[in-house]
1. Just checking the output field for A:367-374: average partner chain Cβ neighbours within 10 Å of each residue's Cβ?
2. For peptide B:45-54, how many partner chain Cβ atoms fall within 10 Å of a residue's Cβ, on average?
3. Place a point 7 Å from Cα of residue A:58 in the direction of its Cβ. Which residues in the stretch B:78-97 have their backbone N less than 19 Å from it?
4. Hey, what did the stretch A:1-174 get for relative contact order, percent, Cα under 8 Å, at least 6 apart?
5. Which one, A:300, A:109, A:175, is farthest towards the positive end of the dipole of chain A when Lys and Arg carry +1 and Asp and Glu -1 on their Cβ?
6. What percent does the relative contact order of chain A come to when contacts are Cα pairs within less than 8 Å and at least six residues apart?
7. Mind checking the dipole of the stretch A:1-174: about its Cα centre, +1 per Lys or Arg Cβ, -1 per Asp or Glu Cβ, Debye to the nearest 20?
8. In debye, nearest 20, what is the charge dipole magnitude of the protein assembly as shown about its Cα centre with +1 on Lys and Arg Cβ and -1 on Asp and Glu Cβ, if you could check?
Amino acid sequence: MASIFRTDPSTGLKIDRASENLIRWNLIAALATLAVGGLLALGVVLTRWPSVHLLPLDYYYRFLTLHGIDALLAWIIFFEIALVHFTSTVILGTRSYVPWLGWLAFALMLIGGGLINVIVLMGGADVMFTSYVPLKADPLYYIGVILFAVGALLGFIIFFINIVLSKRDGGYKRSLPLGSFGMLAASIIGVLTLAHGAAIFIPTLLWALDFIPWVDPAAYRLVFWGLGHPSQQINVSAMVAVWYMTVAFVLGGKPVNEKLSRTAFVLYILFINVASEHHLLVDPVLSTWHKIVNTSYMMHLAVLASMIHAFAIPASIEVALRKQGYTRGLFEWLKKAPWGNPAFSGMAISILLFGFLGGITGVIFGTEQFNIIRHNTIAITGHFHGTVVAGTTVAFMGFTYLLIPYVFRREIIWKGFASIQPYLYGTGVALLSIGMMSAGSFGVPRRHYDITFSGAPFSFTFDPSIDMFLSMMGVGGLLAVTGGVLYILLGFGSIIWGKKIEH
Amino acid sequence: MAIYEPERVWWNPLSKDERIWVALALIWMLVSFIFMPIYHLVGAQNPPAETYSVSAEDYDKLVEGMIAKYKVGEENGFPVVHPSADEPVYIRASMWQWYPIVELEKGKTYKLHLSSMDIQHGFSLLPINMNLMVLPGYDYVATITPTTSGEFHVVCNEFCGVGHHMMVGKMYVKEPAK
Ligand code: HEM
Ligand SMILES: [Cu+2]
Ligand SMILES: [Cu+2]
């Protein structure tokens, strides 16, 4: 029995070989897909910057479709599956009970993701990641999405299998540690979400194969966002779980009140799943009161959960640092926090930007009256680069600096560069996102090749101030890509050349 | 710690700070929650909800009927129509045009119908930045009262293929005829 485990010298965590390998490969796949997604982002952002306007028309749309898929779907979910394995085995000190299922899930995601990339680059699916019907893609595109989604579904199911068997073996007695509890919330939402995915992509595939004549566009949008929006809540739950775990690993801090934090995760599960109609606020078909109940009542209870975490995490950081002796005045603990440790700064930047950029704009754009003046403008793209990039991606980047030493037993290389990476990337994404939000307030559309409208029968000239905002987006994008490249180099560099950590 | 199992009993009461914070957050959420329906009832800028299902052929007939009755001119090959306020106004989206150009009068209230002949499009009225989805098979009816006169543009802001960026239409609002 003992032979399958090794004990991490710095944390005392027990890691078994099977889950170590699963975490390693999911992490490698996450890094690789983020690298591709980031390169595509460079092409896209340099095209949206009017004074550069880099790519030709078809490549702009192709790269944009793939940027959405590789960054939002592949990078985030591969990382989350790595977290699923980590929190359902390593944290509990038990083994991976179904490694074969982990590899099956991994293979399906890899094959599905690869298929999507090939089809899109070959020009078979210029449909954006939303693939709104009746815009049609090659059937292989939908098959790729379904394979990836089934893989992800199995990945989340592994969480349940592991924790049930882990309890039997004494991995935990009554309650999961909070980090695992957060991933439990993420996995529950993941399963519900991916069921919506099946409900919409299977009919769409049949339609693309001409087995059924028509998929209703309004129904497609409703069910698609039943997938699309709650899946963002997987990302939020996983991100918050990472925040809590980072505080624990870096500072030894513990949640101030388990009851409060756990209740907040339950609020995510209960409410955000239904609150997905803010994508449909200016759609035909749904009635006004339906939309209002969904987007106000349901959404605000989920926002309440985020408000709770926004209190609980800084509080636990403060408590931990005060325990280490930084007790002078109100803010000595804040000054003395380990700002040079990229795991800590990544978490702090993620909390700050997620709340102030992503969260607040989300609440605003999600109201009925504001949505009509922002829907499908680039302000929306600005909003979700505040959530899923400045929030989730930055948090995951920070956590990588902890995971690599644990699971690869390698030290992070280039410590100096590592300590500035979260700041570089965070600043870039913040500028990118604010630039987009500001340009969008003048009506600049998202997913649009040419806002000078060359070749159109009529031409519209935007308010001249958008030049400044789109340049801000461009400069921010370049900074973010630089920070992203640095992250990839640090990640792969440490995995390959990092100094071996011996027992 | 978030990485260790909590103590045996973790269902502890909240401290004072926590209670204050949660109460404030809850109040804020309740205010936002009440605010949205109230704003809907008192505000003048609500997304419409009136919808009918319609086939592309039928909608096309309605558009052509309106044009035959109210055409007042032509611009760049697009008919310009000046419909009366008590009749429906139809705008047709297709790859890649907004058709026809409509001329409305300031201060009058219109029923503006939107539908697509092929795939999804995004109706974005600029520079006022009003955005609505246009779906095939559905007739989406917005009740609008123009409050400023002048020249407006309709840009497509839902991706609709290679011509998406060329899908620009026009709309006029005239001072009311005496
Ligand atoms: C290096 C950093 C990044 C830059 C510079 C960047 C830039 C952009 C730009 C310019 C757009 C296109 C807006 C448009 O033309 O409509 C875009 C879209 C998008 N980005 Fe990023 N991005 C970055 C990272 C990410 C990451 C890490 C994610 C996901 C976690 C992400 C998710 C998305 C999504 C989902 C879209 C929407 C695609 C669509 O409209 O179909 N981005 N990004
Ligand atoms: Cu269009
Ligand atoms: Cu379009």
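1. 5
2. 5
3. Of the residues in the stretch B:78-97, B:96 have backbone N under 19 Å from the label point off residue A:58.
4. Details: 239 pairs, mean separation 44.7, N = 174.
Relative contact order here is 26 percent.
5. A:175
6. Details: 813 pairs, mean separation 74.0, N = 503.
Relative contact order comes out at 15 percent.
7. Numbers: 12 positive and 9 negative charges, 134 e Å.
That gives a dipole near 640 debye.
8. Using Cβ point charges on Lys, Arg, Asp and Glu, the protein assembly as shown gives about 2700 debye.
The values are calculated or read from the model by the stated rules, or taken from the named source; none is laboratory data. This one's a predicted model, so the numbers in the text were calculated from it and none came from an experiment. Heads up, the Cβs are rebuilt from the backbone with ideal geometry, glycines too, and the neighbour counts pull from every protein chain shown. Accessible surface is based on the protein model in full, side chains and every heavy atom, while ligands, DNA and RNA are left aside. Shrake-Rupley method; radii C 1.70, N 1.55, O 1.52, S 1.80 Å.
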